[in-house]
Amino acid sequence: MIPKRVLGKTGVEVTCIGLGGEGVLRSFDRVQEARDLIARALDRGITYMESARAYAGSESYYGLALGERRKEIFLASKAHDRTAGGAWAQLQETLDKMRTGWLDLWQVHDVRTQRDLELIFGPGGAIEAFDRAKREGKVRFVGVTGHENPDILLQAFDLYDFDTVLMPVNPAEPAWASFPATVLPEAEARGMGIVGMKVLCRGFGLQLPGLQTPAPWLRYALGQSVSTMVIGCDDPLQLEQNIAACLETPLTVAECRKLEAAVAPWARKLMYYKP
């Protein structure tokens, strides 16, 4: 059984690992591969699955694969339009593509600049659509995501009572602009559900000597105060490797510090690598 954790103040228990919308799901014309991956995740008991309006065919793959099993999972997606009208239109597209009447979690996607904050939270900004969707029952919870600037995400917390945050959690972070050191404790203090992303540093962490399996990276994330973590997969084998790592004991504080020190020389490249 995959361990479960409570997603902050939502009160919902979710598996400590979720299926992300990247990997094979962020593609087009790979329907059977995508359906096989989603089916395997469902059969293995993963309950947290996520996507985004910006992720190629990802939402459509979920719509094709979930069917009656939609009710078994906590389904999340994201909208990147900064206006109320644009975000609302993206929500309708998401619901249509995913073939569902509601989302468990809808997230403001990739908040990274001061200008983003001005647009999202100003008059006619996207947050109006997110709040409306929650009030009207189209979404159960509202979250925010960011992976560029911790300070911007902290400012967003003061502008809306978000239920969750999606943020980078990996051992390269402490050597640079560290989300775990700044955003994570603040989110925890506010009772927010904390979802880890970039746990494998976009997969490039697996290229480092001695760290070429998912286990140390996932065990590190689970040693933080995350509720769950989302990882995109190319195939069911990668999914099985990630699940196996989650069945191991999370790293201790001392083990986390040791891993951070080992990764530090490559931290900036891992965090900002542009393929």
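Here are some notes:
- Distance from the range 136-177 to the range 226-274 (C-alpha centre basis), Å: 19 Å
- The range 4-272: antiparallel DSSP beta bridges as a percent of all, rounded to 5: 15 percent
- Segment GLU118-ARG99, length gained on full extension (0.36 nm per residue, minus Cα span): 3.6 nm
- Residues whose amide H lies under 5 Å from that of LEU25, counting only those 5 or more places away or on a different chain, are CYS233; hydrogens are built 1.01 Å from N in the peptide plane.
- Cα gyration tensor shape of the chain, rounded if a/c is under 1.5, else prolate or oblate by comparing a/b with b/c: oblate
- THR83-ALA244 pseudo-label distance in nm [points 7 Å out on the Cα-to-Cβ vector]: 5.0 nm
- Rounded, prolate or oblate (a/c below 1.5 giving rounded, otherwise prolate when a/b exceeds b/c) for the range 44-190 by Cα gyration tensor: oblate
- Residues in the range 35-66 reached by a label modelled at ASP235 [backbone nitrogen below 20 Å; 7 Å Cα→Cβ]: 35-44
- Gained length - GLU72 relative to VAL6, 0.36 nm times residue gap less alpha-carbon distance: 22.1 nm
- Within the range 58-100: backbone nitrogen closer than 16 Å to the ARG35 label point (7 Å, Cα to C-beta): 58-70, 98-99
- All aspartates and glutamates inside 19 Å of LYS97 as judged from Cα atoms, apart from same-chain residues fewer than 8 positions distant: GLU22, ASP29, GLU33, ASP36, GLU50, GLU59, GLU68, GLU72, ASP81
- Shape analysis of the range 204-275 places it in the oblate category; the axes a ≥ b ≥ c from the Cα gyration tensor give an a/c of at least 1.5, with a/b not above b/c.
- Computed magnitude of the charge dipole of the range 4-272 (debye, nearest 20; Cβ of K, R +1, Cβ of D, E -1): 160 debye
The numbers here are math on the coordinates, done by the rules we state, and not lab data. As the structure is a computational prediction, the values presented were derived from the model and not from experiment. Heads up, the Cβs are rebuilt from the backbone with ideal geometry, glycines too, and the neighbour counts pull from every protein chain shown.
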